[in-house]
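As C-alpha cells, the structure follows; a few thoughts come after it.
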Amino acid sequence: MKKWQHNSLLGLEYLPAEDIKQILDLAKSFKEGDADLLPTDSLLRGKRVINLFMEPSTRTRIAFEIATKSLGADVISIMGEASSLTKGETLHDTAMNVQALGAHGIILRHSSPGSPLLLSEMVQVPIINAGDGSHEHPSQALLDIFTLREKLGSIEGKKITILGDILFSRVARSNLWGLMKLGAKVTLAGPSTLLPDEVASLGVKVSHNLHNAIESADAIMLLRIQHERQQASHFPSLSEYSKMFGLNKPLDKLLKREAIILHPGPINRGVEIDSELADSSKSVILQQVRNGIFVRMAILYLLIGRKP
Ligand code: CP
C-alpha cells in the first residue's frame, strides 16, 4: 500500500486525485473483506477516537462510530450542547483537553468554515473534518464518489448533475473538487440565488433549467435546502422551489433509463425529491449511507492506524 502522507483530512480541494483513489480503493477492500486487512477489529486496537459534533448529525456520526468500532478502537462522542463549550470554553481548549485525555484522532463537525484547519494547527493528533459550515464535508463526498464508482464503473467522463442549494452546501463543494479531480463532467443546477454564475469559473457547467440539467445525466445528486445557514429566503416559497427544481415522478421520463439518484440526507420529501423517486430503483440513497461505513474505515485506518 502507498505511504499515506497527510496528518488530517480537512477537505478534498487540496487532496490529490491519487490520494482520493487510495481512500476509495481501501474502502472497497474493507467492503469486500480483503484477507490482508483481516481481522479488521485489530487494526486500530488500543486507539481512542473522539467525535466532537457541534452540529446535529445522524448518518455521519453513527457511521464514524461504527467504522471506529469495526477497526477495534474506542470511540467517545461529545455533542456540542452536552460539552463545556456551553460554559464558555473555547474550541481550542476543548481540543487540547480531548488530546490530554488520550485521543488518537478527533472527528469534528462545526458550523464555522475552517475550524478543522484551525484545530489541526493547534493539536498533534489527526483531525477529520465531518462538515465545517458551508465549506467542506470530505467523508460525505468520498462516500458519494465511492457509490458512483460502484454503480457507474468509473468516474472519468461521467455526467454528474448536482442539483439544489449549491451556495450553502459543503457536500456540493467537496463533491465538486473530488469529481473534477477524477475526470467527471459536473453540472451545477438550481435557482440563480442559490447558484452564483461565478462557479462556472471552476470549470463546471451551470444550469438554471431543470430539464436541461437532468436529461443527459448519468447521476443526479440532490441537495437539501440548508435553511440553518440562510439569513434570508432565497426563493418565494418551498412549494415554488419544489415546482421549479424538485425531482418528481413526471420528470422520471426525462432521465436516462440507467441514471441513478443520490442524496446525502437528510431528505426533505416533497421538496427537493418526491417519495416515488427517493424510494425508486434509481435511488442509491441508502447504499450511500452503508458505503459511508467502509469509506470512514479507510479514512480512520490511513490517518490513525498507519502512524509509526
Ligand atoms: N449527510 C450528512 O452529513 O448527514 P448527517 O447530518 O445526518 O450526518
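The values are calculated or read from the model by the stated rules, or taken from the named source; none is laboratory data. Bear in mind that the values here come from a model prediction, so they are computed numbers and not experimental data. Glycine also receives a Cβ, built like all others from the backbone with ideal geometry; neighbour counts cover every protein chain displayed. Note: areas computed on protein heavy atoms with side chains; ligands, DNA, RNA excluded. Shrake-Rupley method; radii C 1.70, N 1.55, O 1.52, S 1.80 Å.
For Thr58, what accessible area in Å² do you get when you roll a 1.4 Å probe over the heavy atoms of the protein chains, rounding to the nearest 10?
Counting only protein heavy atoms, the figure is 80 Å².
Just grab the label-to-label distance for Met122 and Ala17, each label 7 Å out from Cα along the Cβ direction, in nm (one decimal).
Each label point is offset 7 Å from its Cα along the Cβ direction, giving 3.7 nm.
Ignoring ligands, DNA and RNA, what percent of the 1.4 Å accessible area of the chain is carbon and sulfur?
Roughly 52 percent, rounded to a whole number.
Quantify how much of the Cα-Cα distance distribution of region 20-72 extends past 15 Å, in percent.
57 percent
Per the Kirkwood definition applied to all pairs of different Cα atoms, how many angstroms is the hydrodynamic radius of region 21-138?
After inverting the pairwise mean of 1/r, the radius is 15.0 Å.
When all C-alpha to C-alpha distances in the chain are sorted into bins of 20 Å, what percent of pairs does each bin hold, rounded to whole numbers?
34, 56, 10
From Cα pairs below 8 angstrom and at least 6 apart in sequence, can you work out the relative contact order of the chain, rounded to a whole percent?
Once divided by the residue count of the chain, the mean separation gives 21 percent.
Which whole-number percent is the relative contact order of region 138-288 (Cα, under 8 Å, 6+ apart)?
Relative CO of region 138-288 lands at 24 percent.
What is the magnitude of the charge dipole of region 138-288 about its Cα centre, with +1 placed on the Cβ of each Lys and Arg, -1 on the Cβ of each Asp and Glu, and no other charges, expressed in debye to the nearest 20?
Here region 138-288 has a charge dipole of around 280 debye.
Along the Cα-to-Cβ line of Ala100, 7 Å from the Cα, sits a label point; which residues in region 116-138 have backbone N less than 15 Å from it?
The answer is 123-124, whose backbone nitrogens lie closer than 15 Å to the label point.
Of all beta bridges DSSP finds with both residues in the chain, what is the antiparallel percent, to the nearest 5?
Expressed as a percentage, antiparallel bridges in the chain total about 5.
Does region 227-285 come out rounded, prolate or oblate by the C-alpha gyration tensor, with a ≥ b ≥ c the root eigenvalues, rounded set by a/c under 1.5 and, if not, prolate when a/b is larger than b/c and oblate if not?
Taking the square roots of the gyration eigenvalues as a ≥ b ≥ c, region 227-285 is prolate.
With n ≥ 4 as the cut-off for DSSP H runs, can you work out [θ] at 222 nm for the chain, using -39500 (n - 2.57) per run divided by the number of residues, rounded to the nearest 500?
Result for the chain, helices only: -10000 deg cm²/dmol.
Report the full-extension gain for the segment Gln5 to Glu55: residue separation times 0.36 nm, less the Cα-Cα distance, to one decimal in nm.
Additional length available on full extension: 15.1 nm.
With the chain treated as a Gaussian network of Cα nodes joined by springs under 10 Å, which of Lys69, Lys158, Lys256 yields the largest mean-square fluctuation?
Greatest mean-square fluctuation among the candidates belongs to Lys256.
Over 18 Å, how big is the tail of the calculated P(r) for region 162-247, in percent of all Cα pairs?
For region 162-247, the fraction of Cα-Cα distances above 18 Å is 38 percent.
Quantify how much of the Cα-Cα distance distribution of region 138-288 extends past 29 Å, in percent.
The share of Cα pairs beyond 29 Å in region 138-288 comes to 7 percent.
Rg and Dmax of region 51-210, Cα atoms, in Å?
When restricted to the Cα atoms of region 51-210, Rg and Dmax are 17.6, 53 Å.
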